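Bear in mind that the values in this text are calculations on the coordinates, not laboratory data. From a predicted model like this one, the values you see are computed outputs, not experimental measurements. Here the Cβ is made from the backbone with ideal geometry for all residues, glycine too, and neighbour counts use every protein chain on show.
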């Protein structure tokens, strides 16, 4: 089936603050790759990363969270060859790069001004796509443009080990459990 998920990368904010804003709590259980519904990792690049499997984060959610701290957002849906990377700050998307193969093999939607690595990555992968037959190719190199850009910026690529990170670098995260109505009623004494 392939990878399906999204991630948020934040620098300069503690993992505890990020998890609190995302309403997540650490489990103490660790894994080598993000294989649970939600997992977090401190990357060697200085970013704290939270991965959400089988979940695309909404623009409203990204707006709310980026009002608390700036973030990079990534998304990969291999089954439909859809990928994205975006920078959010103060509730607004600053820039984004998105590929949707359903719009065409060469589709690339760019908003704002992506950071310095983008033009080189785009040029290289569009050239590789053309060599393989452009829109008629059996491969989709354009899908990798947002993925490689996110990797260049954070050190994380969903389909590779993170260089310099310990073997069990991802911690399983759970949603904060909200107290039930009975617990809230009886804890008011």
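The table for this structure:
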{"quantity": "Förster radius 30 Å - calculated FRET efficiency between residue 25 and residue 132 (Cβ-Cβ, nearest 0.05)", "calculated": "0.10"}
{"quantity": "Relative contact order (%) - the chain, alpha-carbon pairs under 8 angstrom, separation at least six", "calculated": "27 percent"}
{"quantity": "Computed [θ] at 222 nm, deg cm²/dmol, the chain (DSSP H ≥ 4; -39,500 (n - 2.57); rounded to nearest 500)", "calculated": "-7000 deg cm²/dmol"}
{"quantity": "Inter-probe distance in nm under a simple model that places probes 7 Å from Cα toward Cβ, at residue 163 and residue 176", "calculated": "3.7 nm"}
{"quantity": "Neighbour-count order for 110, 142, fewest beta carbons within 10 angstrom listed first", "calculated": "110, 142"}
{"quantity": "Between helix 117-131 and the chain: long-axis angle, C-alpha atoms, 0 to 90°, nearest 10", "calculated": "50 degrees"}
{"quantity": "Exposure proxy ranking, count of Cβ atoms within 10 Å, fewest first, for 79, 151, 107, 99", "calculated": "79, 107, 151, 99"}
{"quantity": "Fewest-first sequence of 39, 27, 96, 83 by Cβ atoms within 10 Å of each Cβ", "calculated": "27, 96, 39, 83"}
{"quantity": "Under 20 Å from the residue 124 label point (7 Å along Cα→beta-carbon), backbone N, the range 154-178", "calculated": "154-164"}
{"quantity": "Label point distance in nm, residue 35-residue 11, each placed 7 Å from Cα along Cα→Cβ", "calculated": "3.0 nm"}
{"quantity": "GNM flexibility winner over the chain from 49, 62, 72 (Cα, springs under 10 Å)", "calculated": "62"}
{"quantity": "Rounded to 10°, Cα long-axis angle of helix 144-154 versus longest principal axis of the chain", "calculated": "50 degrees"}
